[in-house]
Every structure is written in C-alpha cells, then in structure tokens.
Amino acid sequence: MEIFVRAAEARSLSAAARRLGVSKSAISKHISQIEHELGVCLLHRTTRSVTLTEIGDAFFARCRDMLKAAEEAESVAMHFQAAPRGMLRVHAPVDFGVHHLTPALPRLLAAYPELKVDLTLDDDPTGLAEEGFDVAIVIEDEPSGGLAARRLAPIGRSVCASPDYLRRAGVPRAPRELAVHDCLVFAPHGELRPWCFEEAGVEVRVPVDGRVRLSNQNAIRQAALAGLGIALLPTYLVGADLARGALEAVLTDCATSPLAIWAVYLRNRHLSPKVRAFIDFLLDHFHHGDAAAAAMATPGARVGLAPAQAIL
C-alpha cells in the first residue's frame, strides 16, 4: 500500500522507486500484485507518468489515511520508548508496599512527571501476563523461574518478642527451644512452615506453633507488641520497635534463612523505559535513600546479616 501511495503521489513509478530506494520494476510488480488481488485497475500507466483510475482515487485516499495513522502510531511508540511515561502497573506485598513503596511514590513521580502508577497491594502471587502487571515486587530467597528478575536488596529478619512475654516465658537460647514457646505463626493460607536457622554452619529447621495464627505480618507485629508470643518478622516492620525497646531480639547469634526483595517482570527483548526507570529508582532508594538509612541505623535489628549487607 505504501508503494502504491508513493507512486500515486509522485505520478511516476521512477520517482517512487527513487524515494523508496527500490527498482522501478519492483514498484510495478507490487502495484500489479495489488491490482490482481483486488481485481481492479488502480493506475493508468504511460511511458512518462501514471494517473489514478476512479477506483484508484478512492483506494488512494484510504491508503494514505492508513499510512498516516501508522506513522503516527510509530511516532507514539518511539515517544514512549524515549522516556518513562504512561501507566506503570505494579504488584507488591501489602506490608512492604505500605511501609516502603507508597512512601517512595512522591519522589518517583517527581523524578518522572509523565509517569503514572497503579499499585496493587496483595499478598497472593500474581500472574504478570494474565493480570496485566508490568512488574511485581516479591520477597523470596530466589524468585520462581520463567520471569526476568532483579535483586534489589537483602531483607533482614528478627526473632523478637515483647519484654513482658520474655519475662513470663523465658528467653530462648537456641532455635530448638522455640518448640516450647508460643510462636506467632504467619499462615496466610493455613500452611504451617518451620522457621529455618543456621547454627554453627548447619541448617536447623524448627517446627513452630502457638495459640495465635495470623495471615498478615503487621497483625503479627501487633500481637508481639501485645505480649502474645515470639515473632519472626522483617526488620522493615519491627526495626523501630526494636530500637525503642518495645520488642527485644532473641537468637541473634543464629542466622535466619536468607530472603531478598526482587523486582520480577516478563522476559522481553526490549525492557520498557518505565519498568527500567522504576527498577533503577528502587535500587537507588533502598541503597541510598532515607528508608534504607533509617533501617540500617536500627540497633540489634538484624539476624545473620552484617550491617553493610542488610539494607532493609
């Protein structure tokens, strides 16, 4: 269609060939093919020029509109590739999103004025392609296969309880002693998982249970503050509580199983500027931003991670 439009505009097959960088015979061949497929004559050809037939004139007008629309679409796509803009759909866990992503939005949006953010906070896993998300934030040791992933920062975790609970029930000195304590169990789908530690270079898996099971980590924090048991929580939730003494860290010599925060996204040859900018922003935010500095300044908040490693 573009060949036909350019030939009609130039009123010459030779001129169209020079404009498109192809031979005159190639131009003639393509136009003849269109005419054959449509079963109509589009151009009157002479040795010096070409003119549109009545049908050709109507066909030319619509083809020209289509080419203009295609050029505009290409321009829009190139515009979107040039800088982060448009709607960015993000999926993240509830507590992490509330404590870290939402406070970071003002700085993100100030840095990229043409960017919009649709942030869904949900603890259930999501299908990026099926649900239309551009990127998901997950907290795992390693993200599942099939997706591209970028490690953003390690996650510090603390085994902790209120001073009142520890006075009543005693302070556990080894991971196995947790079996006789009221542990506040995170069970979002009713599944009990052991707490994993590293003791003298050996992995120790401790079955834990208690009188309270909860499906939300912030609710577990509240239960721990109320003296209902021992919790295993990320320090981005309890760092301030540990710093002010509302909670006390225990088993600080035993490293918990490592976790990290990851950005995962669909594998694609061309990572969109908005996703790339979002990931780069989070890397900077977690490693150099105020949230990271505040977390790193929290004394005794991390288990099994050196201060320089435990960003959150």
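Give me the compactness ratio for the chain, meaning the Cα radius of gyration over 2.2 N^0.38 Å.
So the Cα radius of gyration is 1.60 times the expected 2.2 N^0.38 Å.
Near G97, within a Cβ-to-Cβ distance under 14 Å, what is the net charge of the other residues, with Lys and Arg +1 and Asp and Glu -1? Write down the numbers at each step before the final one.
Values: positive: R89; negative: D95, D118, D122, D123, D124.
Value of the local net charge: -4.
Sorting L121, L232 on the 10 Å Cβ count, fewest up front, what's the list? Display every interim value, and only then the final one.
Working: L121 16, L232 26.
Neighbour counts put them in this order, fewest first: L121, L232.
From the square roots a ≥ b ≥ c of the eigenvalues of the alpha-carbon gyration tensor of the range 152-218, which class results: rounded (a/c under 1.5), prolate (a/b over b/c), or oblate?
Rounded shape, in that the Cα axes give a/c under 1.5.
Can you tell me, using C-alpha contacts under 8 Å and at least 6 residues apart, the relative contact order of the range 2-82 as a whole percent?
Once divided by the residue count of the range 2-82, the mean separation gives 28 percent.
Over the Cα atoms of the range 1-151, what Rg and Dmax result, in angstrom?
26.0, 76
Provide the descending list of Cα extents for the range 85-230 along its principal axes, expressed in whole angstroms.
Per principal axis, max minus min of the Cα coordinates gives 55, 32, 28 Å.
Return the equivalent ellipsoid semi-axes of the range 2-82 as a descending list in whole Å, where each equals the square root of 5 times an eigenvalue of the C-alpha gyration tensor.
So the equivalent ellipsoid measures 25, 15, 11 Å along its semi-axes.
Hydropathy at least 1.0 by Kyte-Doolittle, axial extent at least 20 angstrom from the Cα trace: which helices of the chain, defined as entire DSSP H runs, fit?
none
What fraction of the DSSP beta bridges in the chain is antiparallel, stated in percent and rounded to the nearest 5?
70
Less than 10 Å Cβ to Cβ from S257, Lys/Arg counted +1 and Asp/Glu -1: what total charge do the surrounding residues give?
Values: positive: R157, R205; negative: D141, E198, E203.
Result for the neighbourhood of S257: -1.
Could you line up E9, E35 from fewest to most neighbouring Cβ atoms inside 10 Å?
Least to most surrounded, the residues fall as E9, E35.
Ranked highest first by the average count of other Cβ atoms within 10 Å around their residues, in what order do 280-286, 45-51, 191-197 fall?
Order by mean packing, descending: 280-286, 191-197, 45-51.
Return the calculated 222 nm mean residue ellipticity for the chain, to the nearest 500 deg cm²/dmol, obtained by summing -39500 (n - 2.57) across DSSP H runs with n ≥ 4 and dividing by the residue count.
Result for the chain, helices only: -12000 deg cm²/dmol.
Readers should treat all values here as calculations from the given coordinates under stated rules, not as data from a laboratory. None of the values given here were measured: they were computed from a predicted structure. Note that each Cβ is placed from the backbone with ideal geometry, even for glycine, and that neighbours are counted across all protein chains shown.
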